[in-house]
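The values are calculated or read from the model by the stated rules, or taken from the named source; none is laboratory data. The model shown is predicted, which means the values in this text are computed figures rather than measured ones. Because the Cβ atoms are built from the backbone with ideal geometry, glycine has one as well, and the counts that use them run over all protein chains shown. Note: areas computed on protein heavy atoms with side chains; ligands, DNA, RNA excluded. Shrake-Rupley method; radii C 1.70, N 1.55, O 1.52, S 1.80 Å.
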Amino acid sequence: MENPEIARMLAETADLMEIAGEDPFRIRSYRNAAAAIENHPERIVDILRDPSRDVTAIPGIGKGLAAALREIAERGSFARRDEMLAKYPPTALELLRIPGVGPKTVRALWEHFRVSTIEDLARLCEEHRIRELRGMGARTEQKILEGIAHYRQVAGRFLLNHAAAVAAELAPLVNGTPAGSLRRGKETVGDLDILSTDPGAIGRFLAHPSVHEVLAHGETKASARFGAEGLQVDVRVIPPESFGAALQYFTGSRQHNVALRQRALKMGFTLNEYGLFTVEGQRRVAGDTEEGVYEALGLAWIPPELRENHGEIEAAERRALPALIEERDIRGDLHMHTRESDGRATLEEMAEAARQRGYAYIAITDHSKALAMANGLDEKRAVAFAAEVRRFNASGRGIEVLSGLECDILRDGRLDLAEDALLELDFVVASVHSYMNLEPAEMTARLLRALESPAVKALGHPTGRVLLHRDAYAYEFETVAKEAARRGVWLEINASPERLDLHAALIRRARELGCRFVISTDAHHPKHLANMRYGVQMARRGWLTASDVVNTMEPGALRAALRRQA
Ligand code: DGT
Ligand code: CA
Ligand code: CA
Ligand code: ZN
């Protein structure tokens, strides 16, 4: 069993204990253990198997948890979990994922109505029966129905990095190429599509130990679920002469394919996943490569990230597609955290990891004091940290560190720290982390006010969305983007797979309004620096070139740009 699966078992048990109203201290100990195991670099089952090792050496794992872990390794569950699952149906966990439905509500629903499914819950809301419960009324029913609608929209979709990790495991095994929404870099993925010309692909796919629940199985296609999370994977075996046409077809998007097929018909061709054929005589014109298919249709090859039928076909016809930014254009990363606030590594560790990626510079941007639970910095600590950064740079470690801060934008648009302290730092990214439900006009005014400060160089995760979890906060994006462009404040493209904020349409609009962008990982751990690729993919989906993105600049040019901003 892999660590994420064990972590999930512990976290779910904690959720069930919370529904049961058990001791918060014990619940927290399961959650902490789940977090520790999820990120542990070594397989827990390997440690358990080795008599010379002790799992309690891992922070967050005590004696009781060690016993539970041994039980999980032996029989795939543990007593506490079995006990909780006997008390509540496993579907109760799904109810918890509905926004606005907490553990207390789930318990009341189960005790009074024996509600265990989302369908049952929706029906009770529609029949106005939730108001029979104490403290609940028409507004609760309305809120729950909205939450269910949101949940249904996101249910069964996965974050891009999860799909990419599964693809990285399976594609080499089947000699395959990922297609579908993953190849287009869409921020969430419904299912993973892998194409291969290797006749042995299906057999090897189905024999993988994490593949279960086979949904379809034929000579040339198989669908199954992968891992504890259950992402659906479709593997297709394609004859080599059709590979390009199949790759084109299964990369999509559907809208792009529809437009392309219409174009083919106008030119006297039919286009399908087997190739491009003449209508008369069914002669094959193209199909072994994707480039060949586009070329035969009079088009430049279109990068997958652009294939949404948002003008890319017209641009390809005019040979006017932008030269999209690539990951190797990136010279540094300007948003990351250390142990100084809620990060997990030191300044030295983050800088060394960035140097190994080949970066010329980074900015350390820990949180400001309004985020008390993240141990955010006040003026004194921020200025002291800047001095530490200067000492680090003087010691010559092969990478330049900018002293920075992710400064909270307070409810009224003021910044969390005094301006004179902020102006001592090299780079301040201003972000909203609180009061996200303001009226749109109030939120717009709040952001505009934050942009007024000469210390602010960038607006962090500008819409606040958390994928599959929380929508963007509402405000007039155009107004704010125009003002950011006028003041030379950069818009962040946050590369964290949970955020990917801004999204493609807003990036494109902001660029039209004159904005420039900074792609940042918001790393809280050295390994998160690798998330840069997802941010670059979002930028590509927004049609950006390297010159639209400031962290493609050489250090000297970046320094000069920061001085001009002030
Ligand atoms: P997903 O899986 O929901 O994240 O999104 P996709 O784009 O990966 O969609 P999926 O897996 O249903 O299909 C993969 C691609 O195959 C899709 O982008 C376009 C193509 N495709 C699938 N079904 C159709 C169809 O009925 N018509 C057309 N034109 N293309 C289709
Ligand atoms: Ca798909
Ligand atoms: Ca599919
Ligand atoms: Zn943030």
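For the reader, a short list of remarks on this structure follows.
- Pairs where the first residue, in region 303-319, is at positive phi and the second is open to solvent by 10 Å² or more (accessible area, probe 1.4 Å) and of a type in the set (G, A, S), C-beta under 8 Å, 6+ apart: N309/A259; R319/A300
- Considering only residues in region 219-235 that are away from ligand 2 (no atom under 13 Å from the Cβ) and free of Cβ contacts under 8 Å to residues at least 40 places away in the same chain, the one that is farthest from L206 (Cα to Cα) turns out to be G230.
- Scoring Y249 on the criteria (1) within 14 Å of ligand 3 (Cβ to nearest atom); (2) open to solvent by less than 60 Å² (accessible area, probe 1.4 Å) leaves a single failure, condition (2).
- Unique residue being crowded, with 17+ Cβ neighbours inside 10 Å, under 28 Å from the mean Cα position of the chain (by Cα), of a type outside the set (D, E, K, R) and closer than 30 Å to F113 by Cβ when the list is I6, I58, I37, I98: I98
- Meets criteria (open to solvent by less than 20 Å² (accessible area, probe 1.4 Å) and either within 13 Å of ligand 1 (Cβ to nearest atom) or not assigned by TED's automatic domain parsing to the domain that holds R107 (or both)) for V166: yes
- Residue list for region 177-199, restricted to those being open to solvent by 20 Å² or more (accessible area, probe 1.4 Å), more than 7 Å from ligand 1 (Cβ to nearest atom) and more than 15 Å from P304 (Cα to Cα): T197, D198, P199
- Residue match in region 234-244 (condition: open to solvent by less than 10 Å² (accessible area, probe 1.4 Å) and part of a helix (DSSP H, G or I)): yes
- Selection within region 434-453 - under 26 Å from the mean Cα position of the chain (by Cα) and open to solvent by 40 Å² or more (accessible area, probe 1.4 Å): Y435, M436, N437, P440
Conditions (1) modelled with pLDDT of 95 or more; (2) in contact with a Cys (Cβ under 6 Å, 6 or more places away or on another chain); (3) away from ligand 1 (no atom under 16 Å from the Cβ); (4) not charged (D, E, K, R), marked per residue:
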position: M436; (1), (2), (3), (4): no, no, yes, yes
position: M443; (1), (2), (3), (4): yes, no, yes, yes
position: R449; (1), (2), (3), (4): yes, no, yes, no
position: L459; (1), (2), (3), (4): yes, no, yes, yes
position: A474; (1), (2), (3), (4): no, no, yes, yes
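- Within region 421-462, the set of residues being of a type in the set (G, A, S) and either closer than 17 Å to S368 by Cβ or assigned to a strand (DSSP E or B) (or both) comprises A421, A430, S431, S434, A450, S453, A455, A458, G460.
- Among the residues of region 252-262, those that are more than 27 Å from the chain's Cα centre (by Cα) and either open to solvent by less than 30 Å² (accessible area, probe 1.4 Å) or of a type outside the set (K, R) (or both) comprise V258, A259, L260, Q262.
- Filter result (open to solvent by 30 Å² or more (accessible area, probe 1.4 Å) and either hydroxyl-bearing (S, T, Y) or free of Cβ contacts under 8 Å to residues at least 24 places away in the same chain (or both)) within region 65-89: A67, R70, E71, E74, R75, A79, D82, E83, A86
- Check on N393, farther than 19 Å from L502 by Cβ and at pLDDT below 95: no
- Restricted to region 268-297, and to residues there that are under 21 Å from T177 (Cα atoms) and assigned to a loop (DSSP other than H, G, I, E, B), the residue that is least open to solvent (accessible area, probe 1.4 Å) is G287.
- Identification of helices (runs of 4 or more DSSP H) wholly contained in region 463-566 with 2 or more residues that are within 21 Å of S434 (Cβ to Cβ) yields 477-487.
- Qualifying residue in region 352-369 (condition: among the aliphatic types (A, V, I, L, M) and open to solvent by 10 Å² or more (accessible area, probe 1.4 Å)): yes
- Pick from region 154-163, criterion away from ligand 2 (no atom under 14 Å from the Cβ) and assigned to a helix (DSSP H, G or I), ranking: least open to solvent (accessible area, probe 1.4 Å): V154
- Scanning region 387-409 for residues that are within 16 Å of ligand 4 (Cβ to nearest atom) and in contact with a helix residue (DSSP H, G or I) (Cβ under 8 Å, 6 or more places away or on another chain) returns L405, C407, I409.
- Residue count for region 180-213, restricted to those that are more than 19 Å from the chain's Cα centre (by Cα) and in a loop (DSSP other than H, G, I, E, B): 7
- Which numbered condition L265 fails, given (1) open to solvent by 50 Å² or more (accessible area, probe 1.4 Å); (2) touching a Gly at 6+ places or on another chain (Cβ under 9 Å); (3) of a type in the set (A, V, I, L, M, F, W, C): (2)
- Among residues of region 253-267, those that are over 20 Å from R183 (Cβ atoms) and either hydroxyl-bearing (S, T, Y) or not in a helix (DSSP H, G or I) (or both), counted: 1
- Screening the candidates E498, E492, E478 for the property of being among the charged types (D, E, K, R) and farther than 19 Å from H335 by Cβ yields one hit, E478.
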